[in-house]
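Let me begin by presenting the structure, written as structure tokens, before commenting on it.
Please treat every number below as a calculation from the coordinates, not as lab data. Since we're looking at a predicted model, the values are computed, not measured. Counting neighbours? That spans all protein chains shown, and the Cβs are built from the backbone with ideal geometry, glycine included.
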Amino acid sequence: MKIWAIANQKGGVGKTTTAVTLAGLLAQAGYRTLLMDADPHGSMSVYLGHDPDVMQGGLYQLFHEIDNLSTASVRDILLHSEYENIDLMPASSSMAALDRQMGTRGGMGLVFSKALQLIKEDYDFVLIDCPPLLGILMVNALAVCDELLVPVQTEFLALKGLERIVHTLNMIMQSRNEVLHYTVIPTLYDRRTRASRGALEALQEQYPETLWPGVIPVDTQFREASRVGAPLSMMSPQTRGAQAYSNLLEYLLSADQQAAANS
Ligand code: ADP
Ligand code: MG
């Protein structure tokens, strides 16, 4: 089981879109994929047809049942989506209270880790959609993931957000025993605008090692895909947006194979 977390402390940069679209592509390639909605706003749950405001339990339950988790109890909170090979661990708005409720209790940074360990035979990939806040949910995601994906909107203000997440990452990495590899993904790229081109150049300069050499273009079909609740790669595989994510996935999978070969 491979675990990828998708994070950036800025909102609206394409985190949820990246998680859902990559999950669609992975599922289409036959990989059993779990989408974990770790954002109390629950955009990903909404995308897949579930309302986080009425959701009872979901991911929230992991924290409250941490001492009694079993394979069955973790499986119990998962939902099948209407797409083959895509399951969801849904969010509930109650997750917003977790930092207040759990903040001072020890051992709460490895809740995802314990839960996913119990179901590691069930999935080939787990994609975690992170909240924009650095708190218990983000700490859990960064502690458990094998790879971090950082979507960055190609505009000047967004680069600041990237600095912040890299800083967070360095902090977290000190508490992990291994280096956490991350890939920066330029999103919402519009080559006609100077802001997009300038931001991409800045990324190429500042993050030459970790930058995915492609871009995710602005494509209005993403909004349409989220409206109908389908990954764009399933709704309209020929769109520019879906093609770009397909290139990204190919890159991530081959980087992964290389890393495995080298280790
Ligand atoms: P985040 O999870 O980082 O807050 P989202 O993935 O929810 O960001 O994206 C924010 C909005 O932008 C959504 O309405 C989404 O449909 C739209 N969007 C995301 N990526 C693109 C893109 N490449 N082109 C056009 N719209 C996009
Ligand atoms: Mg989101």
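If I take R0 = 25 Å and measure r between the Cβ atoms of Asn247 and Met173 in this structure, what FRET efficiency does the formula 1/(1 + (r/R0)^6) give, to the nearest 0.05? List each step's numbers first, then the result.
Working: r = 28 Å, r/R0 = 1.12.
The formula returns an efficiency of 0.35 here.
How would you classify segment 21-179 from its alpha-carbon gyration tensor, with a ≥ b ≥ c the square roots of the eigenvalues: rounded for a/c under 1.5, else prolate if a/b is greater than b/c, otherwise oblate? Provide the component values of the computation, followed by the final result.
Details: a/c = 1.39, a/b = 1.13, b/c = 1.23.
Judged from the Cα gyration tensor, segment 21-179 comes out rounded (a/c under 1.5).
Set the Förster distance to 51 Å, then compute FRET efficiency between Gln56 and His181 from the Cβ-Cβ distance, nearest 0.05.
Rounded to the nearest 0.05, the efficiency is 0.90.
Tell me whether segment 85-155 comes out rounded, prolate or oblate; compute the Cα gyration tensor, take square roots of the eigenvalues as a ≥ b ≥ c, and use a/c under 1.5 as the rounded threshold.
oblate
List the longest stretch of the chain that has no exposed loop site; here a site is one of the trypsin sites (Lys or Arg not before Pro) assigned by DSSP to anything other than H, G, I, E or B, with at most 10 other Cβ within 10 Å. Intermediate results must be reported in sequence, preceding the final value.
On the way: sites that count: Arg105, Arg192.
For trypsin sites (Lys or Arg not before Pro) (loop position, at most 10 other Cβ atoms within 10 Å), the longest site-free span of the chain is 1-104.
Shape call for segment 12-89 from the C-alpha gyration tensor, a ≥ b ≥ c root eigenvalues: rounded (a/c under 1.5), prolate (a/b greater than b/c) or oblate?
oblate
Using θ = phi - 60° and the Karplus relation 6.51 cos²θ - 1.76 cosθ + 1.60, list the HN-Hα couplings for segment 10-19 in order, rounded to whole Hz, with x at every Gly or Pro.
Result, ordered by residue: 9, x, x, 9, x, 4, 5, 4, 5, 4 Hz.
Per residue of the chain, what 222 nm ellipticity follows from adding -39500 (n - 2.57) for every DSSP H run with n ≥ 4, rounded to the nearest 500?
Numbers: 12 runs with 119 residues, N = 263.
Calculated from helices alone, the mean residue ellipticity at 222 nm is -13000 deg cm²/dmol.
Pairing the Cα long axis of helix 156-173 with the longest principal axis of the chain, what angle in degrees results, from 0 to 90 and rounded to the nearest 10?
40
Mind listing the long-range amide H neighbours of Gln153? Cut-off is under 5 Å, sequence gap 5 or more, other chains count too, H placed in the peptide plane at 1.01 Å from N.
Amide H neighbours of Gln153: Thr187.
For segment 26-32, what does the Karplus curve 6.51 cos²θ - 1.76 cosθ + 1.60, with θ = phi - 60°, yield as ³J(HN,Hα) per residue in whole Hz, taken in order and with x for Gly and Pro?
The phi angles translate into 4, 4, 5, 7, x, 7, 6 Hz.
In sequence order, what are the phi-derived ³J(HN,Hα) couplings for segment 197-212 according to the Karplus relation 6.51 cos²θ - 1.76 cosθ + 1.60 with θ = phi - 60°, rounded to whole Hz, with x for glycine and proline?
5, x, 5, 5, 4, 5, 5, 4, 6, 8, 10, x, 7, 10, 7, 5
Within segment 144-221, list the GluC sites (Glu not before Pro) lying in a DSSP loop whose Cβ has at most 12 other Cβ atoms in a 10 Å radius.
On the way: sites: Glu147, Glu155, Glu163, Glu178, Glu201, Glu205, Glu209; in loops: Glu155, Glu178, Glu209.
In loop regions of segment 144-221 (DSSP not H, G, I, E or B), the sparsely surrounded GluC sites (Glu not before Pro) are Glu178, Glu209.
Name the residues whose placed amide hydrogens come within less than 5 Å of the amide hydrogen of Leu211, ignoring near sequence neighbours (fewer than 5 apart) on the same chain.
Val184
Please work out the FRET efficiency for the pair Tyr31 and Arg194, using the Cβ-Cβ distance as r and a Förster radius of 35 Å; give the result to the nearest 0.05.
0.35
Given an 8 Å cut-off on Cα distances and at least 6 residues of separation, report the relative contact order of the chain as a percent. Kindly include the intermediate steps, with their values, before the conclusion.
Details: 469 pairs, mean separation 67.8, N = 263.
The value is 26 percent.
In terms of modelled amide H atoms, which long-range or inter-chain residues lie less than 5 Å from the amide H of Gly12?
Close amide H contacts, sequence-distant or interchain: none at all.
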